[in-house]
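Asks: My questions all concern the structure below.
Please treat every number below as a calculation from the coordinates, not as lab data. If you're wondering where the values come from, they're calculated on a predicted model, not measured in any experiment. As a convention, Cβ positions derive from the backbone with ideal geometry for all residues, glycine included, and neighbour counts pool all protein chains shown.
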Amino acid sequence: MTNLLTELKAITENHKETYLDALWICVKKPSDMSWREAKKIGMKKDSYYGWIFYSTSTNSNGYELLEKIKIACTPYNMRVSTYEL
């Protein structure tokens with residue numbers, strides 16, 4: 001999971017903001033993972049959004065960043081959610 005976290009941070013840092021489209025993107029635990037497993041790999045519990053592995057926000061072109069994060073999370077079976085700001 002540390003490889004995924006490193007990859008997500010690199011994707012976010014290399015993202016170029018070009019259009020106005022503010023989004024908050026979060027990577028959550030898959031539904032088949034127990035809360036104990038989530039806590040063990042370093043996820044943080046949010047009272048509203050549930051168990052969050054990684055989150056970021058962008059002020060522009062959020063959907064391009066979202067697609068890159070979804071591709072990175074596919075092999076790990078993580079859920080990716082977006083919320084408009």
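Asks: In terms of the ratio Rg/(2.2 N^0.38 Å) built on C-alpha atoms, what value belongs to the chain?
Replies: Rg over 2.2 N^0.38 Å, computed on Cα atoms: 1.07.
Asks: Quick one: angle between helix 62-73 and the longest Cα principal axis of the chain, in degrees between 0 and 90, rounded to 10, please.
Replies: 30
Asks: A further question on this structure: Using Cβ contacts closer than 10 Å as the measure, can you line up K29, K68, K39, K16 from fewest to most?
Replies: Fewest-to-most Cβ neighbours within 10 Å comes out as K16, K39, K68, K29.
Asks: Let me ask another. Between the helical axis of 2-14 and the dominant principal axis of the chain, each derived from Cα atoms, what acute angle in degrees is found, rounded to the nearest 10?
Replies: The helix 2-14 is inclined about 10 degrees to the chain.
Asks: Relative contact order for the chain: what is it in percent, counting Cα pairs under 8 Å that are at least 6 residues apart?
Replies: 44
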